[in-house]
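Written below as structure tokens is the structure these notes are about.
The values are calculated or read from the model by the stated rules, or taken from the named source; none is laboratory data. Given the structure is predicted, the values throughout are model-derived calculations rather than measurements. Here the Cβ positions follow ideal geometry from the backbone for every residue, glycine too, while neighbour counts run over all protein chains shown.
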Amino acid sequence: MALLYGAICISVLPFLWLFTQIRVVGNFSYAFGNIAGYIGAVFLLWECVLGNRELQKKWNMQKGELIRTHIILGVWGMFFVLIHPILELMVYAEHVSFLFLPDISTTFDLHITAGRIAFLLVLMVWLTSSLMRGSVSHRVWFIIHLFSYPMMFFVFFHAFEVGTYLNTFFFIKLYWIALLLSYLGFITWRIYELRAKQDIPHQSI
């Protein structure tokens with residue numbers, strides 16, 4: 001597990017470096033809001049990957065420790081995800097409705113709306129995992145958690161147009177693309193595993 005914790009810490013280092021570049025955006029609140037979004041995205045990405053049971057088996061992970069890691073990632077991921085839009089609202093003096101009302105009139109607004117969709121999906125998954133866990137069936141919980149997969153695509157799409165740091169530092173954009181490609185690789189592998197499972201009964205007949 002030490003290697004896993006090390007990998008998680010290393011994966012957020014490029015975004016922690018951005019705290020040395022606050023001058024790019026002008027003030028700490030705006031900088032922290034931006035950086036919180038990136039860190040939250042990394043934690044959510046890890047949470048999606050580590051929540052896969054097949055991967056847990058392949059990496060021979062201890063279930064108890066993995067569950068604790070999953071919970072920690074969820075708590076801190078949600079913290080940073082919440083900080084991101086709250087600080088953005090404060091900086092731009094927007095009404096809270098800005099977080100939920102869709103707007104696709106321009107390319108920029110389309111990317112903002114992608115962030116809104118991702119935020120709503122994160123809230124939905126988080127609420128059913130924490131506050132509402134005892135009041136929903138396992139099937140409902142499982143179905144809602146499947147939204148975690150498209151949620152990450154909205155997260156990645158959101159930042160490409162509106163991410164100030166992403167569009168200022170080329171290596172940050174490259175790293176963001178690398179994270180996206182890694183996630184695409186995980187999804188591809190996941191689909192392959194599911195198809196392989198479906199083929200097993202047919203092969204045994």
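If you go through the stretch 146-193 and pick out every residue that is hydroxyl-bearing (Ser, Thr, Tyr) and modelled with pLDDT of 95 or more, you end up with 1.
Here's the yes/no breakdown for (1) exposed (fewer than 14 other Cβ atoms within 10 Å of the Cβ); (2) under 16 Å from VAL81 (Cα atoms):
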| site | (1), (2) |
| --- | --- |
| VAL125 | no, yes |
| VAL136 | no, no |
| ARG139 | yes, no |
| PHE142 | yes, no |
| LEU146 | yes, no |
| VAL155 | no, yes |
| THR164 | no, no |
| PHE169 | no, no |
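When the stretch 114-123 is filtered for residues that are among the basic types (Lys, Arg) and surrounded by fewer than 18 Cβ atoms within 10 Å (Cβ to Cβ), nothing remains. Scanning the stretch 173-181 for any residue that is in contact with a Pro (Cβ under 7 Å, 6 or more places away or on another chain) and either under 27 Å from TYR92 (Cβ atoms) or exposed (fewer than 14 other Cβ atoms within 10 Å of the Cβ) (or both) turns up at least one such residue.
Looking across GLY33, GLY26, GLY6, GLY40, one residue alone is among the small types (Gly, Ala, Ser) and either modelled with pLDDT under 80 or not in a helix (DSSP H, G or I) (or both). It is GLY26.
Note on the stretch 23-49: among residues that are under 24 Å from LEU146 (Cβ atoms) and free of Cβ contacts under 8 Å to residues at least 40 places away in the same chain, the one that is surrounded by the fewest Cβ atoms within 10 Å (Cβ to Cβ) is TRP46.
Within the stretch 83-100, the set of residues being without any contact (Cβ under 8 Å) to a residue 12 or more places away in the chain and either acidic (Asp, Glu) or in contact with a helix residue (DSSP H, G or I) (Cβ under 9 Å, 6 or more places away or on another chain) (or both) comprises LEU89, TYR92, GLU94, HIS95, VAL96, PHE98.
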